[in-house]
Amino acid sequence: MKKIDKIVIGTHNEGKFKEISDLLPSYIKKISPKKLNLPSPREIGSTFKENSIIKAKFFSEKLNLICISDDSGLEIDILSGAPGIYSSRWAGPNNNFDIAIQKVFDELSLKNQNWKQEKTISAQFVCCLTIYWPNGKYISKTGFVKGKIAHKKKGKNGFGYDPIFIPNNYQETFGEMNSVLKYKIDHRLNAFKKIKKIFI
Ligand code: IMP
C-alpha cells in the first residue's frame, strides 16, 4: 500500500484536531476542513461507527484525499449509555458544556436521588476512528477508556465532559489532568493503536 503523506483530519473541533494530529507521524501533512471553510456533514448515524464513517467519507469525497475522522462520546451505565452519540448535542446549539454537564447531573438525579452516595457511577468514553480513501475503501476501529462520573466539575483542562470524568486507577478528572497524560490513556489513543499499522 502507498505510504500516506497527506491526510484530512475530518473535524471542526480544535481539541480533536490537535490530538489526532499529534497521534499521526510528523512527516504527514495534516489538512483541516475548517481552514478550507468546508462544513461538517449531518451526523445521522445511530452508532459511533456510522457517524465516524459519515464524516470520513464526506471529507474524503469533497477533497479527493484520504481522511481520518472520529466520532466519540461519553456513555454512562445507569443512563443506559446516554449521552452516547448525543454527547455533543447535549451541549445545545452554542456548544455549552455547562449545560451538558448539568443535564448529566439532572438525569442522574432523576434516576437515583442519592447518586452521589452510590459507590461509583461507572462510565466510559468511546471513540471510533475511521480512515477513508477516495476509492471508497475504509477501516474503522473503536477504543474505550473506563472510569466514573465525579460529583462535581473539577479542572479547567481539556474539553467537553473532561471535568466530570475520572478514569479508572486515577483520582483526578480528565479536566484536572495534564493533557500529555490524558492522551496516553484515552479512548482516542486506544482506537488509534488499532489502526496505526496503516501509517507504518
Ligand atoms: P462528535 O464526535 O464531534 O460528535 O462529538 C463528541 C462529543 O463527545 C464532544 O463534543 C464531547 O462532548 C464528547 N467527547 C468526546 N471525546 C471527549 C474527550 O476526550 N473529552 C471530553 N469530551 C469528549
Could you tell me how many of the residues in the stretch 1-24 are modelled with pLDDT under 95 and not in a helix (DSSP H, G or I)?
8
Enumeration of residues in the stretch 164-200 that are within 11 Å of the ligand (Cβ to nearest atom), buried (at least 21 other Cβ atoms within 10 Å of the Cβ) and of a type in the set (Phe, Trp, Tyr)
Phe165, Phe174
Please note which helices (runs of 4 or more DSSP H) are completely contained in the stretch 89-200 and include at least 1 residues that are closer than 20 Å to Ile78 by Cβ and in contact (Cβ under 8 Å) with a residue 40 or more places away in the chain.
97-111, 187-195
Only one residue in Lys29, Lys57, Lys35, Lys49 is under 11 Å from Ile7 (Cα atoms) and open to solvent by 50 Å² or more (accessible area, probe 1.4 Å), so which one is that?
Lys29
Anything in the stretch 88-132 that is buried (at least 16 other Cβ atoms within 10 Å of the Cβ) and within 30 Å of Glu61 (Cα to Cα)? List them, or say none.
Ser88, Trp90, Ala91, Phe125, Val126, Cys127, Cys128, Leu129, Thr130, Ile131, Tyr132
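The values are calculated or read from the model by the stated rules, or taken from the named source; none is laboratory data. All values reported here derive from a predicted model rather than from experimental measurement. No Cβ is skipped: glycine too gets one built from the backbone with ideal geometry, and neighbour counts run over all protein chains shown. Surface areas here come from the heavy atoms of the whole protein model, side chains and all, with no ligands, DNA or RNA. Shrake-Rupley method; radii C 1.70, N 1.55, O 1.52, S 1.80 Å.
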